[in-house]
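The values are calculated or read from the model by the stated rules, or taken from the named source; none is laboratory data. Keep in mind that this is a model prediction, so the values were computed, not measured. Positions of Cβ are generated from backbone atoms using ideal geometry, with glycine treated the same way; all protein chains shown enter the neighbour counts.
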Amino acid sequence: MKVTVVGAGNVGATCANCIAEKDIVNEVVLLDIKEGVAEGKSLDMWQTAPINLYDTRIKGVTNDYEATNNSEVVVITSGLPRKPGMSRDDLIATNAGIVKSVTENIIKHSPNVKIIIVSNPLDVMCYCAYLTAKVDSSRVFGMAGILDTARYRAFLAECFPERYSSLVIRWTRGHDGSAPKIHHGFRYSCNRLD
Ligand SMILES: NC(=O)c1ccc[n+]([C@@H]2O[C@H](COP(=O)([O-])OP(=O)(O)OC[C@H]3O[C@@H](n4cnc5c(N)ncnc54)[C@H](O)[C@@H]3O)[C@@H](O)[C@H]2O)c1
């Protein structure tokens, strides 16, 4: 299985590293628009494979979508993050342009790909990718609930260590505070909370 991560910044590079270390796919392609950044980070990560005991091949490329050919999953993290004082919605104009052009390129090279959006504002970027890709909504996912859940659960563990010592996860609501919902085909599910 091949996974592409677009954007080799804080989130994208961490995401590529986590996928590789789980040893669940054959190849991770990390793509960024900045010359040499994805190549350098990927090389550093891949060279930890003998220490962290995984076989995933991580490759970095600069804007080379040929290298992403026939990916089964793409994670789109490209775009601006918030600066102090900004809301996620302040990122719409810039990030919509980035997500649109990335999605066009991805679909051209991997027509059957499933798309996981991370770029903010998440719900809008999911819809942007869905409209651009022109695929069934079950192939476009947004990643947010699990992050908010993990943060919430970690704070609970910090405040009530005797009650929440084990970090078992329960899904929470979306970034916008809405009820757990289907995010273009992504069904939030519940795990055990001890
Ligand atoms: N959904 C969530 O829960 C969640 C969590 C954290 C961050 N985010 C969002 O994820 C995005 C990335 O955050 P970050 O902290 O990694 O930012 P970052 O600035 O560290 O990384 C973004 C990367 O995207 C690259 N990029 C920009 N345009 C590109 C393009 N056209 N093609 C390829 N790469 C391109 C940049 O060169 C940069 O390396 C932001 O929009 C942020 O708000 C979402």
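E104 meets each of the listed conditions (1) at pLDDT 95 or above; (2) near the ligand (Cβ under 10 Å from one of its atoms) apart from (2).
Checking each residue in segment 72-101 for being surrounded by 18 or more Cβ atoms within 10 Å (Cβ to Cβ), among the hydrophobic types (A, V, I, L, M, F, W, C) and modelled with pLDDT under 95 picks out only L91. Residue count for segment 111-122 under the criterion of being near the ligand (Cβ under 10 Å from one of its atoms) and out of contact with any helix residue (DSSP H, G or I) (no Cβ under 8 Å at 6 or more places or on another chain): the result is 1.
Yes/no per residue for (1) under 17 Å from the mean Cα position of the chain (by Cα); (2) surrounded by 15 or more Cβ atoms within 10 Å (Cβ to Cβ); (3) of a type in the set (A, V, I, L, M, F, W, C):
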position: D32; (1), (2), (3): yes, yes, no
position: V37; (1), (2), (3): no, yes, yes
position: G60; (1), (2), (3): yes, yes, no
position: P111; (1), (2), (3): no, no, no
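Residues of segment 17-52 that are within 11 Å of the ligand (Cβ to nearest atom) and either part of a helix (DSSP H, G or I) or among the hydroxyl-bearing types (S, T, Y) (or both): V37, A38, K41. Looking at this structure, is I107 outside any loop (DSSP other than H, G, I, E, B), under 23 Å from N10 (Cα atoms) and in contact with a helix residue (DSSP H, G or I) (Cβ under 7 Å, 6 or more places away or on another chain)? So I107 does not fit the description; no.
Kindly indicate the residue of segment 53-68 that is away from the ligand (no atom under 12 Å from the Cβ) and of a type in the set (D, E) and also farthest from G79 (Cα to Cα) among those meeting that condition.
Residues of segment 53-68 away from the ligand (no atom under 12 Å from the Cβ): 53-59, 66-67.
Filter again for of a type in the set (D, E), leaving 55, 66.
On the way: D55: 29, E66: 21 Å.
My answer is D55.
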